[in-house]
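The values are calculated or read from the model by the stated rules, or taken from the named source; none is laboratory data. Note that this is a predicted model, so its numbers are computed, not measured. Here the Cβ positions follow ideal geometry from the backbone for every residue, glycine too, while neighbour counts run over all protein chains shown. Accessible surface areas use protein heavy atoms only, side chains included; no ligands, DNA or RNA. Shrake-Rupley method; radii C 1.70, N 1.55, O 1.52, S 1.80 Å.
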Amino acid sequence: MSVNERRFKILEAVIDEYIKNGEPIGSKLLAGLLDFAVSPATIRNEMAQLEQEGYLEQPHTSAGRVPTVKGYRVYIENLSTDRNSVLSDEDKGIIDSAVRGICGDTDELIIENAGNALAELTKCAVVSSHNLAKFSVITKVDVIPAGKRVYVLLLVTSGGGIKNRVCRLSFDLNHEQLAFFTEFANENLSGVNPQHLSPEFIERMGLALGTYMASLSPLLKAVADLSGEMTSSRFKFDGQNHLIAFEDLHKKEILSILESKGAFTEFLDNAFSEINVVLGGEESDTFAVSNSGLIAGSYQKHGQTAGSFGVIGPMRLDYKKLIPYVDYFAVEVTKLLSGTETDTEENR
């Protein structure tokens, strides 16, 4: 074993024990944890070197060492790339059971319920994002009179999504105008993905209204607004109550996490195809909660990234367990969304 390998093994042992107990690790304790023979003097020297290099720090003069953000980063980067093999059959069975229990009439509802399920599985806070509208097309447009000069525009998609918008006009529409708009909208929008309703597309539709443009353009604007809502990424935060259970997180840090939802979701909104770990306090950090970590994994639908899950907790998360946990969970949700999930172990 080279000096560098031995040093990393010592760093790994320090972090493993610190994650487990949350107490500074001394050389005597560490000597009993290592799976290779090394003298206590060598351990002390190696720990001092790791501290000098910025991987460990000593909170108090007489205390042992604890990992730094830099130490966590090198630890995470050196975790096994074959993450699924780390999970026990029991853990896989627990996740499989949780995924089978996820229900919903639409993909959006499935993801909402999946985020809550992951929060309960990990006992952490979970932020989930999705942009599932890109997998659907508009199937129906309807206008329903709802009172004097008030109309409800309905937009239905193939994914089961239904959006509505109340339109208050400065005049009443007659039956002929309503019938024309309904036929016109369905003829031009049926089978169109909401993402394709660009300002230019809507402008062309407006011109095509001809003599009806002045009276029906407010309804067309509502169509544009609804399509914009459909195509924007959706975020949901689950398991906030789990943050209270972490002794490492003070009230101010919990509040900072809750107030930093936008930063977490901004990170998830950047498409990626594998597990990512963000640590608070890094120079490249996208959120400002120093004592926190986020483990994010994306899921797919029909071979395309559809969204992500992010598990949030203190820096002292069990990365060896949670990284493969999130990875495996995302794979199973991908199967669920793509209709390829199976109930039998033989087909897995």
Could you please find all residues in region 298-334 being free of Cβ contacts under 8 Å to residues at least 40 places away in the same chain, part of a strand (DSSP E or B) and β-branched (Val, Ile, Thr)? Thr305
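I'd like the full set of residues that are of a type outside the set (Asp, Glu) and either modelled with pLDDT of 90 or more or in contact with a His (Cβ under 7 Å, 6 or more places away or on another chain) (or both), limited to region 23-42.
Pro24, Ile25
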Kindly indicate which of Glu247, Glu229 is within 30 Å of Glu120 (Cβ to Cβ), open to solvent by 50 Å² or more (accessible area, probe 1.4 Å) and in a loop (DSSP other than H, G, I, E, B). Glu247
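Residues that are over 30 Å from Ser97 (Cα atoms) and touching a Leu at 6+ places or on another chain (Cβ under 9 Å): which strands (runs of 3 or more DSSP E) entirely in region 118-188 hold 2 or more of them?
In region 118-188, the matching strands (runs of 3 or more DSSP E) lie at 138-147, 150-157, 162-168.
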Please specify each residue of region 189-220 satisfying the condition of being touching a residue at least 12 places away in the same chain (Cβ under 8 Å), farther than 14 Å from Ile138 by Cα, assigned to a helix (DSSP H, G or I) and of a type outside the set (Val, Ile, Thr). Pro199, Met205, Gly206, Ala208, Tyr212, Ser215, Leu216, Pro218, Leu219, Leu220
So, in region 272-320, of the ones that are touching a Gly at 6+ places or on another chain (Cβ under 6 Å), of a type outside the set (S, T, N, Q) and at pLDDT below 85, which residue ends up most open to solvent (accessible area, probe 1.4 Å)? Ile275
Of (1) of a type outside the set (Asp, Glu); (2) under 24 Å from Ser217 (Cα atoms); (3) touching a His at 6+ places or on another chain (Cβ under 7 Å), Phe135 satisfies all except one. Which? (2)
Whichever residue in region 16-58 is part of a loop (DSSP other than H, G, I, E, B) and touching a strand residue (DSSP E or B) at 6+ places or on another chain (Cβ under 6 Å) and, among such residues, is least open to solvent (accessible area, probe 1.4 Å): Pro24
Would you check which residues across region 91-111 are under 17 Å from the mean Cα position of the chain (by Cα) and open to solvent by 30 Å² or more (accessible area, probe 1.4 Å) and list them? Asp107, Glu108, Leu109
What about Leu219, is it at pLDDT below 90 and open to solvent by less than 20 Å² (accessible area, probe 1.4 Å)? no
